[in-house]
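Data block below; observations after.
The values are calculated or read from the model by the stated rules, or taken from the named source; none is laboratory data. Worth saying up front: this structure is predicted, and the values here are computed from it rather than measured. Virtual Cβ from ideal backbone geometry, glycine too; neighbours counted across all protein chains shown. These area figures cover heavy atoms from the full protein model, side chains too; ligands, DNA and RNA do not enter into them. Shrake-Rupley method; radii C 1.70, N 1.55, O 1.52, S 1.80 Å.
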Amino acid sequence: AGGSVYALMRSGGSDDNKGGPGPSVTVTAPTTAGSTDPGPSPTPSRPDSSAPTDGVIPTAYLGTWTTTITNDLGANPRNLTISQGGVGDTVLTLVADGPLRGGGTYHCVFRAELTRQPVDGGPLEIGPSDLTVGRGTPGCKPGEATQVSLLSDGSLRRVNTTTGDQLTYTKE
(Lines give C-alpha, C1' and ligand atoms only; values in the text may rest on other atoms or scores of the structure.)
Protein backbone atom coordinates (compact mmCIF):
# COMPACT_ATOMS: atom_id res chain seq x y z
CA ALA A 1 0.00 0.00 0.00
CA GLY A 2 1.28 3.37 -0.81
CA GLY A 3 4.12 2.04 -2.93
CA SER A 4 3.22 4.49 -5.69
CA VAL A 5 3.03 7.37 -3.24
CA TYR A 6 6.34 6.28 -1.75
CA ALA A 7 7.97 6.17 -5.18
CA LEU A 8 6.54 9.60 -6.05
CA MET A 9 7.78 11.11 -2.79
CA ARG A 10 11.06 9.16 -2.68
CA SER A 11 13.28 11.74 -4.36
CA GLY A 12 15.19 13.46 -1.60
CA GLY A 13 13.31 11.43 1.00
CA SER A 14 14.63 9.95 4.19
CA ASP A 15 13.28 7.52 6.72
CA ASP A 16 12.59 8.52 10.30
CA ASN A 17 14.66 6.01 12.27
CA LYS A 18 13.73 6.90 15.84
CA GLY A 19 13.92 4.11 18.39
CA GLY A 20 10.85 2.25 19.57
CA PRO A 21 8.92 2.83 22.76
CA GLY A 22 10.80 2.64 26.03
CA PRO A 23 10.30 0.00 28.69
CA SER A 24 7.24 0.16 30.90
CA VAL A 25 7.52 0.57 34.64
CA THR A 26 5.47 -1.23 37.29
CA VAL A 27 4.92 0.57 40.58
CA THR A 28 3.76 -1.26 43.69
CA ALA A 29 2.60 0.29 46.94
CA PRO A 30 4.89 -0.24 49.93
CA THR A 31 3.67 -2.52 52.69
CA THR A 32 3.61 -1.53 56.32
CA ALA A 33 5.23 -3.87 58.83
CA GLY A 34 2.57 -5.88 60.63
CA SER A 35 -0.12 -4.97 58.13
CA THR A 36 -2.47 -7.80 57.18
CA ASP A 37 -4.33 -5.84 54.50
CA PRO A 38 -2.88 -6.89 51.14
CA GLY A 39 -4.33 -3.74 49.53
CA PRO A 40 -6.41 -3.64 46.39
CA SER A 41 -6.03 -6.51 44.02
CA PRO A 42 -5.10 -5.68 40.42
CA THR A 43 -7.94 -5.44 37.94
CA PRO A 44 -7.27 -7.43 34.80
CA SER A 45 -7.57 -5.38 31.62
CA ARG A 46 -10.17 -6.43 29.09
CA PRO A 47 -9.39 -6.78 25.42
CA ASP A 48 -10.91 -4.13 23.17
CA SER A 49 -14.23 -5.65 22.13
CA SER A 50 -14.30 -3.61 18.90
CA ALA A 51 -11.35 -5.56 17.49
CA PRO A 52 -11.34 -9.26 16.67
CA THR A 53 -9.59 -11.31 19.34
CA ASP A 54 -8.80 -14.22 17.10
CA GLY A 55 -6.30 -14.08 14.30
CA VAL A 56 -2.74 -14.93 13.36
CA ILE A 57 -0.98 -11.56 13.63
CA PRO A 58 1.59 -11.59 16.47
CA THR A 59 0.66 -9.01 19.13
CA ALA A 60 3.88 -7.00 18.74
CA TYR A 61 2.81 -5.96 15.21
CA LEU A 62 -0.62 -4.65 16.24
CA GLY A 63 -1.30 -0.94 16.51
CA THR A 64 -0.44 2.27 14.69
CA TRP A 65 3.04 2.96 13.36
CA THR A 66 4.30 6.29 11.97
CA THR A 67 7.03 7.64 9.72
CA THR A 68 7.63 10.73 7.63
CA ILE A 69 9.15 10.97 4.17
CA THR A 70 10.83 14.32 3.66
CA ASN A 71 11.53 15.57 0.15
CA ASP A 72 11.90 18.88 -1.69
CA LEU A 73 8.17 19.56 -1.16
CA GLY A 74 8.31 19.04 2.61
CA ALA A 75 7.03 16.46 5.09
CA ASN A 76 4.90 13.52 3.92
CA PRO A 77 3.59 11.71 7.04
CA ARG A 78 2.54 8.06 6.97
CA ASN A 79 0.33 6.28 9.51
CA LEU A 80 0.25 2.51 9.14
CA THR A 81 -2.20 0.49 11.26
CA ILE A 82 -1.98 -3.27 11.62
CA SER A 83 -5.10 -5.01 12.91
CA GLN A 84 -5.72 -8.57 14.02
CA GLY A 85 -6.99 -11.02 11.41
CA GLY A 86 -6.29 -14.11 9.40
CA VAL A 87 -5.10 -14.93 5.92
CA GLY A 88 -7.34 -13.12 3.43
CA ASP A 89 -8.46 -10.49 5.95
CA THR A 90 -7.68 -6.79 5.59
CA VAL A 91 -5.07 -6.26 8.31
CA LEU A 92 -3.14 -3.22 7.05
CA THR A 93 -4.38 0.34 6.58
CA LEU A 94 -2.03 3.10 5.43
CA VAL A 95 -2.85 6.81 5.47
CA ALA A 96 -0.49 8.94 3.36
CA ASP A 97 -0.57 12.75 3.36
CA GLY A 98 1.61 15.51 2.02
CA PRO A 99 2.09 18.47 -0.31
CA LEU A 100 1.63 18.31 -4.08
CA ARG A 101 3.87 19.89 -6.67
CA GLY A 102 2.13 23.08 -7.79
CA GLY A 103 0.27 23.51 -4.50
CA GLY A 104 -2.37 21.70 -2.54
CA THR A 105 -2.09 18.45 -0.64
CA TYR A 106 -2.87 14.80 -1.15
CA HIS A 107 -4.64 12.38 1.21
CA CYS A 108 -4.63 8.68 0.35
CA VAL A 109 -5.95 5.70 2.31
CA PHE A 110 -4.88 2.19 1.35
CA ARG A 111 -5.97 -1.22 2.66
CA ALA A 112 -4.29 -4.59 2.16
CA GLU A 113 -4.81 -8.21 3.13
CA LEU A 114 -2.59 -10.73 4.86
CA THR A 115 -1.56 -13.27 2.22
CA ARG A 116 0.29 -15.88 4.27
CA GLN A 117 0.20 -17.00 7.90
CA PRO A 118 3.31 -15.71 9.72
CA VAL A 119 5.71 -18.36 10.99
CA ASP A 120 7.55 -18.02 14.32
CA GLY A 121 6.46 -14.41 14.93
CA GLY A 122 6.78 -12.98 11.44
CA PRO A 123 7.40 -11.42 9.05
CA LEU A 124 3.96 -10.50 7.71
CA GLU A 125 3.30 -11.07 4.02
CA ILE A 126 0.89 -8.37 2.83
CA GLY A 127 -0.78 -8.41 -0.59
CA PRO A 128 -1.17 -5.53 -3.03
CA SER A 129 -3.14 -2.61 -1.64
CA ASP A 130 -6.46 -1.15 -2.71
CA LEU A 131 -6.93 2.61 -2.72
CA THR A 132 -10.03 3.44 -0.65
CA VAL A 133 -9.63 7.26 -0.43
CA GLY A 134 -7.86 9.52 -2.91
CA ARG A 135 -8.87 8.12 -6.30
CA GLY A 136 -7.89 10.57 -9.01
CA THR A 137 -5.38 12.34 -6.74
CA PRO A 138 -1.85 12.54 -8.18
CA GLY A 139 0.35 9.92 -6.51
CA CYS A 140 -2.54 7.96 -4.97
CA LYS A 141 -2.25 4.63 -6.77
CA PRO A 142 -2.65 1.11 -5.40
CA GLY A 143 0.62 -0.37 -4.16
CA GLU A 144 2.42 -3.65 -4.66
CA ALA A 145 2.81 -6.52 -2.19
CA THR A 146 4.98 -5.84 0.86
CA GLN A 147 6.68 -7.68 3.69
CA VAL A 148 6.49 -6.24 7.21
CA SER A 149 9.12 -7.15 9.83
CA LEU A 150 9.83 -6.11 13.39
CA LEU A 151 13.37 -4.87 14.00
CA SER A 152 15.45 -5.45 17.14
CA ASP A 153 15.09 -1.78 18.20
CA GLY A 154 11.28 -2.09 18.32
CA SER A 155 10.64 -0.38 15.00
CA LEU A 156 8.86 -1.89 12.01
CA ARG A 157 10.23 -2.18 8.47
CA ARG A 158 7.96 -2.42 5.42
CA VAL A 159 9.61 -3.57 2.18
CA ASN A 160 8.08 -3.55 -1.30
CA THR A 161 8.75 -7.14 -2.43
CA THR A 162 8.96 -6.11 -6.10
CA THR A 163 11.20 -3.02 -5.97
CA GLY A 164 12.99 -3.43 -2.62
CA ASP A 165 11.93 0.11 -1.57
CA GLN A 166 11.46 0.27 2.19
CA LEU A 167 10.34 2.50 5.03
CA THR A 168 10.94 2.16 8.77
CA TYR A 169 8.13 3.07 11.18
CA THR A 170 7.99 3.65 14.94
CA LYS A 171 5.07 2.67 17.15
CA GLU A 172 2.74 5.47 18.08
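Numbers at a glance
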quantity	calculated
Test: T115 is closer than 18 Å to R157 by Cβ, in a strand (DSSP E or B), open to solvent by 40 Å² or more (accessible area, probe 1.4 Å) and among the polar types (S, T, N, Q)	yes
Restricting the stretch 133-172 to residues that are of a type in the set (S, T, Y) and open to solvent by less than 60 Å² (accessible area, probe 1.4 Å), the residue that is nearest to V119 (Cα to Cα)	S149
Failed criterion for L94 (all others in (1) part of a strand (DSSP E or B); (2) more than 13 Å from the chain's Cα centre (by Cα) hold)	(2)
Residue satisfying condition, being closer than 22 Å to L131 by Cα, out of contact with any Leu (no Cβ under 9 Å at 6 or more places or on another chain) and modelled with pLDDT of 95 or more, within set L114, L62	L62
Among (1) over 20 Å from G55 (Cβ atoms); (2) not in a strand (DSSP E or B) - the single one L131 does not satisfy	(2)
Scope the stretch 83-111; condition touching a helix residue (DSSP H, G or I) at 6+ places or on another chain (Cβ under 7 Å) and either open to solvent by 10 Å² or more (accessible area, probe 1.4 Å) or over 25 Å from G122 (Cβ atoms) (or both); matching residues	G98, C108
Checking D153 against (1) touching a strand residue (DSSP E or B) at 6+ places or on another chain (Cβ under 8 Å); (2) at pLDDT 95 or above, the condition it does not meet	(1)
Only one of R101, R78 that is at pLDDT 95 or above and basic (K, R)	R78
Search result, residues across the stretch 129-152 that are under 20 Å from D97 (Cα atoms) and either in contact (Cβ under 8 Å) with a residue 40 or more places away in the chain or charged (D, E, K, R) (or both)	S129, D130, R135, P138, G139, C140, K141, P142, G143, E144, T146
Hits in the stretch 99-120 (condition: in contact (Cβ under 8 Å) with a residue 60 or more places away in the chain and out of contact with any Phe, Trp or Tyr (no Cβ under 9 Å at 6 or more places or on another chain))	Y106, C108, F110, R111, A112, Q117
Among residues of the stretch 56-91, those that are over 15 Å from E172 (Cα atoms) and part of a strand (DSSP E or B), counted	8
Any chance G127 is open to solvent by less than 10 Å² (accessible area, probe 1.4 Å) and either out of contact with any Pro (no Cβ under 8 Å at 6 or more places or on another chain) or of a type in the set (A, V, I, L, M, F, W, C) (or both)	yes
